[in-house]
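Chemist: One structure, pasted below without further comment.
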Amino acid sequence: MPSSRGTLFFNPSSGVKLPSAELSAIEAYATEQGLEVIHVTRDLDITATIREQMRQNKNLFIAAGGDGTVNCVVQAVAHTDATMGVIPLGTFNHFARDLGIPLDWRAALDVAISGAKKQIDVARVNERYFVNNISLGLYPEMVARREERGRDYPRWKARFYAMYVTLQKYPHVSLTLESEHHQEVVRTHMLLISNNTYDLSRVGIEAPRNTLEEGRLSVYWLPHVSRITLMKFIAHYFAGRVRTAPGFRSFRTQQLKVRSSRKDLRLGIDGEVFTMQTPLVITTVPQSLTVRVPREPARPAP
């Protein structure tokens with residue numbers, strides 16, 4: 001098995017805590033398949049590591065972790081000839097689900113190594129790529145509060161604490177949205193811009209995107225409302241009736257500029273929190289990422 005087959009960026013602390021024996025099994029199986037395994041740490045510069053390996057003619061890079069790990073690998077792989085694989089080890093694994101990648105790590109690793117290649121869209125906010133979405137308002141605040149409790153704190157307790165503290169504070173943002181077709185001032189607790197469009201008729205937090213190749217951003221927001229109205233909106237969302245919720249707005253565009261009176265804004269990018277200078281310039285980058293996906297089953301001969 002050639003040692004230069006590719007590189008697996010392994011984040012064992014992502015999402016669901018796996019037993020140490022299973023983590024060891026993932027690493028051992030990847031090594032058997034000819035992959036170099038690099039553990040993701042806070043000090044690791046994934047982008048610099050990938051670019052150095054590209055100079056050594058490596059062209060397969062696999063993110064084994066959650067959507068945050070995927071986002072880090074994408075920064076160096078997008079707009080190159082390299083190919084990306086995904087092993088979903090996170091809490092929600094939105095990107096892997098939308099690509100149809102198995103949630104079983106062994107099956108996902110096999111897809112990452114020998115699956116079909118597919119060109120998909122990514123999007124970019126200022127100089128950072130994203131594959132799922134960016135958000136402003138309540139969500140990045142909740143993530144920041146959750147991370148205050150640390151990785152060793154029980155995740156369900158951290159989420160409850162984050163929700164309680166954030167709803168007590170109940171932050172909002174005032175923004176000017178400028179697209180190709182219109183300009184609008186919004187005051188909102190929740191603004192989300194996605195890479196391609198979510199199927200909002202589906203129930204709950206796993207609402208999928210039916211394609212990652214439409215070359216559009218989708219913009220969603222809810223005007224400034226009371227906490228009670230927000231709870232009603234969330235109920236609509238989990239019932240798959242979000243489009244009928246009073247005040248809910250959305251539109252599609254290829255590019256968007258977000259202006260604010262603030263110099264910096266805190267935003268969630270693929271589930272991780274970043275602070276960026278305004279204005280935010282958000283664009284779709286069509287067909288700019290090559291990923292490995294499951295092969296279509298062979299059709300029987302007529």
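Where a number appears in this text, it was derived from the coordinates with a stated rule and is not lab data. In this text, all values refer to a predicted model and were calculated from it rather than measured experimentally. For neighbour counting, all protein chains shown are included, and Cβ atoms are generated from backbone atoms with ideal geometry for every residue, glycine included.
Chemist: Using 7 Å Cα-to-Cβ label points, what is the K169/R259 separation (nm, one decimal)?
Modeler: So the label points at K169 and R259 sit 2.7 nm apart.
Chemist: Pulled fully out, how much extra length does the chain show between V185 and R227, if you take 0.36 nm times their separation in residues and subtract their Cα-Cα distance?
Modeler: Contour length minus Cα-Cα distance gives 13.0 nm.
Chemist: Turning to a different aspect of this structure: Given R₀ = 22 Å, what would the calculated FRET efficiency be for A21 paired with R106, taking r from the Cβ atoms and rounding to 0.05?
Modeler: Plugging the Cβ-Cβ distance into 1/(1 + (r/R0)^6) gives 0.95.
Chemist: Excluding same-chain residues fewer than 8 positions from K169, which lysines have a Cα within less than 29 Å of its Cα?
Modeler: K157, K232, K257, K263
Chemist: Going by average Cβ density within 10 Å per residue, which order do the peptides 126-133, 26-33 take, highest to lowest?
Modeler: Going from most to least packed, we get 126-133, 26-33.
Chemist: How do R292, R187 rank when sorted from fewest to most other Cβ atoms within 10 Å of their own Cβ?
Modeler: Fewest-to-most Cβ neighbours within 10 Å comes out as R187, R292.
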